[in-house]
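Working notes, structure below.
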Amino acid sequence: MSSFATTADMEQRTGGAIATATHPFLERELEAATRAIRAHCGWHIAGKEQQTMRRARPYHDQVWLPAMEIASIDEVISNGAVLDPATVEFDPDTGWTSLSARSMMVKFTAGFEEVPAEIVTLALQVAARALGSPLGIVREQAGGVSVTYSQAGFNIAGGNQLLAPEFAILTPYKLGVLP
C-alpha cells in the first residue's frame, strides 16, 4: 500500500524546506504517518482494493465488513456454502451486511478512489512534525533566540504520532462511527 502523501507533496507544501535530498527519512515518515492514520481508522481508506474478511465463531453473528466506501461484494462463503454475492445487501458507508453466520469468508472491494484531501494534509503534518525534531528536542535556545518544537505533551516531542486534535479530522473515516 502506498503512502497517503508523496515526497513531492511535502516539498511543494513546505516550499522546498523539507525535501528528500535534505531529509533522507522523509519517505519513511510519510509511510509511518499513513500507518498511524490507517491504524486509528481501522481500515485502509484509499485506494480501491479487494480485501478478504474471514471469521469463525462458536455462535451465529451479524457480519460487518471492516471498511467504508464499499464498492462491491465479490465472493461469499457462509458456513461452507457458496452464496451469490448479488443477493447480499450491504451499506457501503458502514460495512453492514445482511449476512449472519458462524463461519464466513467475504471478498469485497472498498476504499476511496483518491486519498481525501484532509488525510493527505494530515499525513504531511504528522511526517513534518517527526522530521522537525528527529532527536526529540522540545526547546532550543541560543542567546536571545528561542525555538520550541512541536510537542505531544508537556516536554514530550511531537514525533510521528497522532495528536488529540487530529482525531477529530479522522472521525468521518473511523470504523464504527456513524455520521
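Taken across region 8-15, residues that are assigned to a strand (DSSP E or B) and surrounded by fewer than 19 Cβ atoms within 10 Å (Cβ to Cβ) do not occur at all.
On the basis of being within 8 Å of the chain's Cα centre (by Cα), within 21 Å of Q125 (Cβ to Cβ) and surrounded by 14 or more Cβ atoms within 10 Å (Cβ to Cβ), does R38 make the cut? Yes: the conditions hold for R38.
Only residues that are surrounded by 12 or more Cβ atoms within 10 Å (Cβ to Cβ), at pLDDT 85 or above and not in a loop (DSSP other than H, G, I, E, B) were counted across region 122-166, and they come to 8. Of the numbered criteria (1) open to solvent by less than 80 Å² (accessible area, probe 1.4 Å); (2) over 27 Å from P172 (Cβ atoms), the one T87 fails is (1). The residue list V76, V106, V63, V115 contains one member that is within 30 Å of Q12 (Cβ to Cβ) and surrounded by 19 or more Cβ atoms within 10 Å (Cβ to Cβ), which is V115. Inspect all residues belonging to region 17-35 and state whether any of them is open to solvent by less than 40 Å² (accessible area, probe 1.4 Å), assigned to a strand (DSSP E or B) and within 26 Å of T171 (Cβ to Cβ). No, every residue in region 17-35 fails to be open to solvent by less than 40 Å² (accessible area, probe 1.4 Å), assigned to a strand (DSSP E or B) and within 26 Å of T171 (Cβ to Cβ).
The values are calculated or read from the model by the stated rules, or taken from the named source; none is laboratory data. All of these numbers come straight from a predicted model, not from anything done at the bench. When we count neighbours, we look across all protein chains shown, and the Cβ atoms used for this are built from the backbone with ideal geometry, even at glycine. Only protein heavy atoms, including side chains, enter the accessible area calculation; ligands, DNA and RNA are left aside. Shrake-Rupley method; radii C 1.70, N 1.55, O 1.52, S 1.80 Å.
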